[in-house]
Each structure stands twice: as structure tokens, then as C-alpha cells.
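Take a look at the structure set out below.
The values are calculated or read from the model by the stated rules, or taken from the named source; none is laboratory data. Just so it is clear, the structure is predicted and the values come from calculations on it, not from any experiment. Don't worry about glycine lacking a Cβ; one is built from the backbone with ideal geometry, like all the others, and counts go over all protein chains shown. With ligands, DNA and RNA removed, areas are computed over all heavy atoms of the protein, side chains included. Shrake-Rupley method; radii C 1.70, N 1.55, O 1.52, S 1.80 Å.
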Amino acid sequence: MAIETGFKSYCWSVGTTSYRTDKFNMNIEKQLEYMKEFRNLPENAGKVWTGNNAFQAEYYFFLKTKGFVKGDAPRPDKDAREKTSGLRDIGLLDDDRNLTEAGEELLAIAEAGDFSTDNLLEIPRDSFVYFRQMIKTCNDVDGKKVRPFVVFLYVISRTGYLTYNEFTYLLPLCVDKKTTDKIIDKILSSRNSMICYEDIILSVLMDMPNYRYALYLLQTEPVTEQLICNIGMNRKSANYDKQYYVLYTILRKIVFQDSDLVIEFYNATNKLTNSKVGSSWRKYFFQNTARSVMKKKGREVLNQVPILQAQDEKIFREEFFKIMHLFKAKATLSDYFDLNRRYFKITDTVLFEDDKVKLDVLPNCYVECIRDMLGGFAFEETDLLERAVSLEQIHSCLNVEANVLYCKLGELFGREVRDTGSARQVIWNERYRRLNRLIDEKFSTDRLIYLLTCFEMRVDDEIRRLVTDNADIPTIFEYVLGIAWYVISGRKGDVLEYMNLSLEADLLPKTHAGGGEADIVWKYQKTDDYPAHTLLIEATLADKGNQRRMEMEPVSRHLGDYRLANPDTEAYCIFSAPCLHPNVISDFRGRRYMEYYNSAGTDYIQGMKILPLQTSELKELIRFHIEYAEVYKLFDRAYSAGGPAAEWYEKNIVQEIRSRKI
């Protein structure tokens with residue numbers, strides 16, 4: 001009788017696959033805010049979370065009153081656990097879902113809205129909290145302690161970068177020092193040979209005693225449905241693997257009896273419980289999956305894979321075992337990719353671009369300074385996870401002197417870097433190199449026009465797909481306007497500063513719990529075409545019905561306050577929206593003649609220059625490559641022109657832009 005084998009964890013992940021969310025930063029911050037409020041309710045004092053399904057369900061319904069969740073979860077207690085377990089895993093909440101020291105620190109930053117840079121790595125304050133938390137975060141993988149982010153830093157310090165496949169399928173297999181060093185060696189070797197990442201996955205699995213024993217059973221025991229279920233080592237239940245016995249039986253007939261069971265084999269792959277696994281089987285075996293082609297060509301439709309060339313039973317069984325577990329492992333590991341990516345990205349130290357995962361410039365230099373010490377604590381647990389502690393307190397090797405870091409930065413770029421100022425200049429240059437490349441690849445003229453059309457039609461899912469899912473739509477709109485204006489301005493000016501948005505390391509926007517309210521403040525130096533001045537760009541997606549109520553006061557207030565604070569600076573404002581309300585245009589036109597006072601009523605400015613610009617006209621500026629020098633003159637003439645608001649806009653903005661087609 002076959003001896004049962006058991007599943008053992010072979011990889012790590014951060015967070016839980018049951019909880020995938022967009023606007024990741026904002027949702028973490030909101031959950032900390034809501035959990036603190038929930039925990040501070042008098043009726044919740046001293047209540048235990050663990051095992052208390054009723055209390056967990058109460059938190060779900062509390063989130064529902066806040067609009068954080070929608071619909072009706074069939075198991076509200078489970079939903080509440082899923083939403084909070086990731087925050088517990090990275091030490092922002094404790095086991096009873098109270099905010100930890102680290103959680104309080106992050107919430108204080110979010111509530112203050114101060115995400116400025118105040119650390120050696122030149123990353124935002126909240127990102128630095130995440131960086132420290134991720135370094136402390138530890139997983140238990142079948143009794144082995146592993147810090148996923150430290151392992152990532154250790155691996156990438158030796159490989160330089162990881163491809164998406166290496167990040168997805170190999171990095172999470174690094175669960176101890178021996179396996180990690182083996183994977184590093186194989187990654188480096190594979191880049192100069194025919195070794196593929198799938199071979200590395202199999203080599204890691206086959207190093208595990210339970211997989212070796214399972215293969216031994218398959219090669220020595222009579223093959224039954226029960227045996228196939230046992231050697232499948234399913235994480236949930238052996239019964240989920242019954243369909244593999246059908247696959248095994250059909251494949252064996254195809255190989256050893258020359259049977260034409262191609263359609264039956266195809267149908268069997270469709271009945272596998274994991275759709276990703278089934279898809280992998282079909283992609284591996286079939287050249288074409290059209291039923292008519294399979295009927296016509298029979299076995300000729302199959303790829304010439306090793307198992308179909310098996311000369312004896314032992315080879316056949318070994319190949320079946322490898323295919324079975326390779327595709328299972330790939331499905332599991334691919335499920336973790338998005339989670340690991342999201343948690344790593346919130347540190348703002350990791351870049352995902354060009355099918356490669358690597359560290360940003362200064363974090364990379366930092367890791368280079370400590371690379372030889374990382375392996376020493378990558379596989380150790382810490383009792384500091386919930387504490388708000390410094391890098392040095394986490395581990396002494398993490399304390400890097402600024403001059404050492406700047407020296408490493410200078411070596412990388414072949415120039416002298418002595419202080420924070422020169423380091424920031426190097427980083428600034430590198431960010432703009434990447435920004436201009438990002439615009440070339442992701443925000444071409446056609447793409448900008450298409451995105452603006454999507455905002456007009458509110459095709460939000462398409463906007464998120466094309467830009468990012470870590471920001472809300474108003475923030476993305478403001479970001480796209482900033483990029484568009486950077487293009488109109490001949491890619492001159494510090495747009496990353498002017499946008500005043502929080503950006504990820506990859507220079508895409510992210511939304512914070514209180515975010516989305518910042519203006520674009522563009523500073524222009526004097527040229528032959530215009531004087532030195534500041535341009536405020538105000539953006540809204542409010543429809544006509546809400547536009548007057550939501551925008552007329554804050555737009556004029558922002559410009560008025562700016563001019564009062566900068567009396568010697570020429571400044572004007574562009575108000576951009578997908579659709580302009582005539583009364584909004586009229587109100588802004590009327591501001592030419594109105595005084596604007598400070599809050600004390602002791603000082604004022606006379607008149608404000610506010611120009612409305614519908615996205616339909618912005619698209620024309622982009623489409624016809626009209627540069628800012630011409631735009632400034634056009635707006636200056638329009639501002640001085642008269643006439644009723646609606647006709648004024650059509651004549652002096654719409655028609656004037658169209659007359660400048662190139």
C-alpha cells in the first residue's frame with residue numbers, strides 16, 4: 001500500500017493572496033486610521049481579536065459604515081481578517097489588531113500629510129517606515145525563518161537585477177542560506193547558458209526530501225488514483241488531484257499504445273481545478289487547441305516534449321512527476337508575484353521596469369555598502385517588528401555613514417559626490433533620465449490624447465491599466481496633466497517637483513489617505529518669449545453640476561493666496577477639466593476686476609488671471625505640438641479680450657488653438 005506524502009511549504013510571500021487592492025498606500029493608511037478609531041470605541045476596550053469571529057465581523061461592518069468596503073461579504077469575519085493580516089505581518093498591527101509603535105509612526109506621517117524626505121536614502125518619510133518594516137518582516141516557511149525583503153536585497157546585491165521570471169519564480173524559493181546561494185549561482189549561470197528558470201525550480205523542489213520520496217513512490221508503486229493523489233501533495237486536499245490520474249492514464253496510452261486520444265487529453269486538462277495549471281499543460285503540449293485541428297491532425301498537433309519520447313515506464317513517470325509539480329509550483333509562485341511586488345514597492349527603493357527588478361540609485365549604493373553582511377541576518381527572526389526603531393537598532397550593519405554612501409554613489413556615476421546637495425543632483429539627473437524614457441515609452445503624444453479622452457468618458461479601468469492602480473483617478477488626472485504640460489514646455493522645468501504629488505520610485509503617482517489636493521505650481525524662467533512667472537494648474541474631474549460648487553472658490557483662493565505670498569512674482573492660473581460649466585468660465589473671467597484679500601482683511605491684490613482650458617483643447621495643443629511660448633501668448637491675448645464668457649471661450653481659446661495647427 002502506498003505511503004502518503006505530505007505537503008511542505010517551499011516558498012514565502014508577503015501579505016495574503018485573499019486581499020488584493022488598488023490604491024495600496026492609501027488603503028493601508030485608511031485602515032490604520034479606521035482600526036485606531038474602532039479600537040478606541042468604549043465598547044471595544046479590552047476585546048480580544050484572535051478567535052473572536054463576532055468581533056472581527058464588527059470591524060467589517062465598521063469599515064462598511066466608512067465606505068471602505070462595499071457589498072455584503074458572505075463571511076464578514078473572514079473578510080476582516082484578510083484585510084488586516086498583511087498589516088499585522090509587516091508589524092503595523094499586533095495580533096489583536098492594535099496599532100503598534102510602527103503603525104502609530106506611519107499614521108502620524110499620513111495624518112500630517114508630510115511625506116517629505118528626511119533620511120539617508122532620500123525616500124519619502126512614509127516609505128522609509130515601510131523600508132524599515134520590510135527589513136524586519138519575517139516568514140516561517142516550514143520551520144525556517146526568512147526575511148523576504150532582506151533576502152531580496154541579498155540576492156540582488158549579487159545578481160545586479162532580477163528578471164520578472166526570476167523575481168516571480170525563483171526569489172520566493174530562497175528560504176535558507178544554502179538554497180539562496182544555490183539559486184544565485186544558477187541565476188548567474190543561466191544568463192550565459194541554456195538553463196531556464198523552470199529547470200531551477202525543479203532542482204530546488206527535488207532537493208526537498210518529500211519530493212524525492214514522492215517520486216520514489218511513483219516509480220516503485222503500482223499507479224492508482226490514490227497514489228497519484230498522494231504524490232500530488234495538494235496543499236488543501238488530496239482529492240483535488242484526482243484529475244491527474246485521468247491525465248496520467250490518457251498520456252500513458254498516447255505514449256505506449258500509440259492511441260489517438262488528443263481531444264480526450266485536452267478535455268482532461270480543462271478539468272484541472274487550478275485554471276493556471278490547466279493552461280500551462282495545454283501550452284506545453286499543444287501546438288493548436290482548435291478542436292477541428294485536433295480532429296484533423298491527431299497526435300501531430302502535440303509538441304515534441306520529452307514525456308512523449310519516453311522509452312520506458314521509469315522515464316515516463318519521472319517526466320509526468322516533473323510536469324505535474326513544475327506547473328503547480330509556477331501557479332503558486334505566480335499568485336504571489338503581485339503581492340510581493342506591491343509590498344516591495346511601498347519602500348520606494350525598488351524599480352519594476354523593462355522586465356527587470358532592480359534597486360533605485362541611492363538604495364542600490366546603500367545595499368552595496370552592506371552586501372557582505374546581509375546574509376548574516378536574512379534568515380533570522382527579530383523581536384523588533386512592532387517597534388519604531390532606527391536601521392542601526394534593527395542591525396548594526398545597517399548603519400551606513402553618509403560619506404561612505406556618497407562615495408559609492410560617486411563611484412557609480414564617475415563623479416565626486418561629497419554631500420547631500422551633490423548627491424541629490426545626481427539623483428535628480430537620474431530621475432529625469434528615467435522620466436524622459438518613461439514618457440517616450442508610456443506617454444507618447446497619442447497615448448496622452450487617448451488618456452485625456454478616457455478621463456472625458458470616465459473609463460477608469462482603462463486609465464488604471466495604462467497608468468497605475470496605486471492612485472485614485474483624480475490624482476492620475478493631475479499627474480497626466482503635469483506630464484502633458486511638461487511635454488508642452490519642451491520637457492523643461494522640474495515637473496516632478498512642480499506636480500507636488502507623491503510618486504513611487506518608478507515615477508508613477510500614488511495616492512495617500514488625504515492626498516489628491518495639491519496644485520501643480522510651475523515656475524518659468526525669463527525667456528525672449530515671456531517674463532519670469534509662475535503658472536498654477538488646477539485640475540478637476542467634477543461634472544458640470546458640481547463644478548461651480550466644488551471649484552470656483554478654491555481655484556481663486558489658491559491663486560490669490562499664492563500672489564499674496566509672492567507679491568513680486570507674476571502668476572496666473574489654468575483651470576483644466578473635461579467639461580467646463582459656462583458659469584465657471586464666467587466667474588473666472590469676472591475675477592479680472594475683483595480684489596482678493598488675505599484672511600485678516602489687511603492686504604489684497606487687484607484682479608486675478610484665471611484661464612479655463614477644457615481637455616478637448618488641451619488635446620489639440622498636444623496633437624499640434626504647440627509649445628508653451630505660443631501658449632503663453634495665446635492665453636495673454638485671450639485674457640485681455642472681451643465678450644460674454646461662453647462666446648469668449650469659443651472665440652479666444654478654441655478657435656485660436658485650432659488656427660495654429662501645424
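Numbers at a glance
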item	result
All aspartates and glutamates inside 16 Å of Lys297 as judged from Cα atoms, apart from same-chain residues fewer than 8 positions distant	Asp258, Asp260, Glu264
Ranked by how many other beta carbons lie within 10 Å on average, peptides 408-419, 372-383 from highest	372-383, 408-419
Matching label, P(r) over Cα pairs in 10 Å bins from 0, in percent computed from the structure shown, candidates [x] 3, 14, 23, 23, 17, 11, 7, 3, 0, 0; [y] 3, 13, 19, 21, 19, 14, 7, 3, 1, 0; [z] 3, 15, 24, 26, 18, 10, 4, 1, 0, 0	[y]
Probe 1.4 Å, accessible area per residue of segment 64-136, Å²	39 Å²
Long-range HN-HN contacts of Leu613 with modeled amide H, under 5 Å	Phe575, Ser576, Ala577
Positive-end extreme of charge dipole, segment 135-222 - chosen from Leu217, Ile135, Val175 (charges on Cβ)	Ile135
Portion, in percent, of the accessible area of segment 335-418 that falls on carbon or sulfur, probe 1.4 Å	41 percent
Whole-percent carbon and sulfur share, accessible surface of segment 59-196, 1.4 Å	49 percent
Alpha-carbon centroids, segment 390-462 and segment 153-177: separation in whole Å	22 Å
Candidate aspartates and glutamates - alpha carbon under 19 Å from Lys356, same-chain residues fewer than 8 apart omitted	Glu166, Asp185, Glu198, Asp335, Asp338, Asp348, Glu368, Glu430, Asp440, Glu441, Glu504, Asp506
Segment 350-388-segment 201-220 distance, computed between alpha-carbon centres (Å)	32 Å
Ala571 long-range amide H proximity, modeled H, under 5 Å	Thr534
Lys/Arg +1, Asp/Glu -1 at C-beta; the chain dipole; positive extreme among Val480, Leu120, Val367	Val480
Cross-link reach list, lysines versus Lys526, counting only Cα pairs under 27 Å and skipping chain neighbours closer than eight places	Lys492, Lys609, Lys619, Lys633, Lys661
Share, in percent, of DSSP beta bridges within segment 561-661 that are antiparallel, nearest 5	40 percent
Label-zone membership for segment 628-662, site Tyr530, 7 angstrom Cα→C-beta point, backbone N under 16 Å	628-640, 653, 657
Average accessible area per residue (Å²) across segment 569-632 - probe 1.4 Å, nucleic acids and ligands excluded	39 Å²
Cα-Cα over 26 Å, subset of Lys23/Lys78; Lys242/Lys322; Lys30/Lys145	Lys30/Lys145
Length-normalised contact order for segment 125-213 - Cα pairs under 8 Å, 6+ apart - percent	20 percent
Segment 141-221 - charge dipole about Cα centre, Lys and Arg +1 at Cβ, Asp and Glu -1, debye rounded to 20	360 debye
Environment charge of Asp95, counting only residues whose C-beta is closer than 10 Å and scoring Lys/Arg +1, Asp/Glu -1	-1
Length-normalised contact order of segment 70-163 in % [C-alpha pairs under 8 Å, at least 6 apart]	16 percent
Fraction of beta bridges assigned by DSSP in the chain that are antiparallel (%, nearest 5)	65 percent
Extension gain, His625 back to Phe413 (0.36 nm per residue minus Cα-Cα distance, nm)	72.9 nm
Cβ-placed point charges (K, R +1; D, E -1), dipole of the chain about Cα centre in debye, nearest 20	2080 debye
Length-normalised contact order for the chain - Cα pairs under 8 Å, 6+ apart - percent	13 percent
Across Lys144/Lys178; Lys442/Lys523; Lys186/Lys408; Lys8/Lys358; Lys144/Lys358, pairs whose alpha-carbon gap is larger than 22 Å	Lys442/Lys523; Lys186/Lys408; Lys8/Lys358; Lys144/Lys358
